[in-house]
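Chemist: Sharing a structure here in structure tokens format.
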Amino acid sequence: MFASFLPSQVQQLEEPISIALAKSIERQPITTPLSNQAIATSYVRQGSGTPILLLHGFDSSVLEFRSLIPLLAAHNETWAVDLLGFGFTERITGLSYSPPAIKTHLYHFWKTLINQPVILVGASMGGATAIDFTLTYPETVKQLVLINSVGFSGDFPLGRFLFPPLDYLAVEYWRQRKVQALFFGSTFGNLESSTIEAIRCAALHLEMPGWHEAMITFMKSGGYSNLGDKIAQITKQTLILWSEADKTLGIGDAVKFHRAIAHSQLIWLKNCGHVPQLEQPEITAEYLLACQKSS
């Protein structure tokens with residue numbers, strides 16, 4: 001059974017791995033200083049052992065890790081959480097969906113449900129969240145893993161200059177790109193079934209209440225625009241996984257991360273784009289599981 005808080009479009013998922021992960025999504029009310037109201041936070045937990053916590057990218061959800069979680073959970077307690085303002089986590093009206101609020105919410109999620117040091121894995125924007133979280137709450141993190149991470153780039157410098165109705169139109173344009181890709185791919189059959197399923201997963205959370213407002217607030221915050229100068233302060237052992245064919249962020253930032261973080265290892269992923277957790281889950285899992293053995 002799918003949880004009742006998921007959009008009805010979840011019934012359109014077709015691949016067993018997508019369906020299985022969607023059925024495992026739970027929600028927990030998380031009390032934070034951000035609001036008098038507890039925030040219903042969506043997450044997945046599987047496996048046992050040393051905890052791994054996965055943080056998704058921009059405008060994504062835990063479904064991003066549908067291929068990776070089963071591989072990790074066979075060896076470790078594996079968590080994935082929908083960050084504040086994203087995925088299937090509740091969006092409370094009037095809340096600030098900014099990086100400081102995101103890490104505050106993440107800390108209270110960690111404190112409530114995990115409460116022991118984790119191997120913290122951040123992909124794309126989730127990497128920036130992981131860096132920010134590690135610097136603020138170092139006691140929560142055993143090791144840090146960055147996958148094609150935002151940090152030196154990927155912010156929203158023009159977001160703070162968007163005003164109504166341009167702010168709404170900007171995020172609606174972003175939404176329509178996914179919705180139309182799904183429509184045309186399904187209607188005309190010009191996309192492979194696996195690609196259509198990937199779009200279904202990527203578009204599902206767009207139907208959640210408050211999606212527009214949360215996206216607008218995050219973009220107007222500027223995103224992680226002030227993080228670059230802080231990266232060198234990371235003292236945790238850090239694994240950097242970077243795809244040689246990443247057309248979203250390029251490859252230059254991989255070297256910047258490696259140079260800036262004292263205790264870091266850079267591993268290049270061959271024949272892979274921006275989302276190795278989907279494109280090469282087996283290889284990605286191998287590196288994640290191996291990194292804890294070397295600590």
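Chemist: Using Cβ counts within 10 Å as a stand-in for footprinting exposure, how do VAL255, VAL44 rank, fewest first?
Modeler: Lowest count first: VAL255, VAL44.
Chemist: Which pairs break 25 Å Cα to Cα here: LYS111/LYS270; LYS103/LYS236; LYS178/LYS270; LYS142/LYS220; LYS23/LYS142?
Modeler: LYS111/LYS270; LYS178/LYS270; LYS142/LYS220; LYS23/LYS142
Chemist: What is the log10 of I(q)/I(0) for the range 62-156, computed with the Debye formula using one identical point scatterer on each Cα and no solvent, at q = 0.14, 0.15, 0.20, 0.22 Å⁻¹?
Modeler: Those come out to -0.52, -0.60, -1.10, -1.33, one per q.
Chemist: In addition: Given a cut-off of 15 Å, what percent of all Cα-Cα pairs of the range 209-256 lie beyond it?
Modeler: 67 percent
Chemist: Short version: what are the Cα gyration tensor semi-axes of the range 1-124, square root of 5 times each eigenvalue, largest first, in whole Å?
Modeler: Computed over the range 1-124, the values are 22, 19, 12 Å.
Chemist: What does the convex hull of the Cα atoms of the range 198-283 come to per residue, in Å³, rounded to a whole number? Show your work: numbers first, answer last.
Modeler: Values: hull volume 11.9 nm³, N = 86.
Residue-normalised Cα hull volume stands at 139 Å³.
Chemist: OK, next. As an exercise, take the mean of 1/r over every pair of distinct alpha carbons in the chain, invert it, and state the Kirkwood radius in angstroms.
Modeler: One decimal place: 19.2 Å for the Kirkwood radius.
Chemist: Skipping prolines and chain starts, which residues have an amide H placed within reach, meaning under 5 Å, of the one on SER243, given they are 5 or more residues away or on another chain?
Modeler: Under 5 Å from the amide H of SER243 lie the amide H atoms of ASN148, LEU269, each far enough along the sequence or on another chain.
Chemist: While we're here: Please express the shape of the range 179-234 as an equivalent ellipsoid: the semi-axes are the square roots of 5 times the eigenvalues of the C-alpha gyration tensor, given largest first in whole angstrom.
Modeler: Each semi-axis is the square root of five times an eigenvalue, giving 33, 17, 9 Å.
Chemist: Which of the aspartates and glutamates could a cross-linker span from LYS256 if the Cα-Cα distance has to be under 13 Å and same-chain partners fewer than 8 positions apart are dropped?
Modeler: Output for LYS256: ASP229.
FYI, it's all coordinate maths here, none of it is from the lab. Model, not experiment: these values are computed from the prediction. Heads up, the Cβs are rebuilt from the backbone with ideal geometry, glycines too, and the neighbour counts pull from every protein chain shown.
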